[in-house]
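Notes follow once the structure below has been shown.
None of the figures in this text is laboratory data; all of them are computed from the coordinates on show. All values reported here derive from a predicted model rather than from experimental measurement. As a convention, Cβ positions derive from the backbone with ideal geometry for all residues, glycine included, and neighbour counts pool all protein chains shown.
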């Protein structure tokens, strides 16, 4: 059950988050994508501090699918440098973690 990961992806709006999440699941790049409809991000971009409302996609997948997931997300995303980060899953319900790998 190793090599399971969670990818965090932000989008500027819900429709884009749903389109990306649905595509990742349809193409079997993620087992599941959960969407948090409103997060506030504070960040520096091009020398200016910004604050914006975004949606957060939590994509559950495997390390083997990560490169394809990143490429697909980038191709569908409206931002030049979208947030796409991967974090290892260090534990959880074994049956769920097994399902992620299928």
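Geometric descriptor of segment 49-102, per residue, is 121 Å³ (volume of the convex hull of the Cα atoms). Entry note, the chain: the mean residue ellipticity at 222 nm calculated from DSSP H runs of n ≥ 4, each adding -39500 (n - 2.57), is -9000 deg cm²/dmol after division by the residues and rounding to the nearest 500.
State the percent of C-alpha pairs, over all pairs in the chain, separated by a distance greater than 19 angstrom. Result: 42 percent of Cα pairs exceed 19 Å. Sorting 19, 38 from the fewest to the most surrounding beta carbons within 10 angstrom yields 38, 19.
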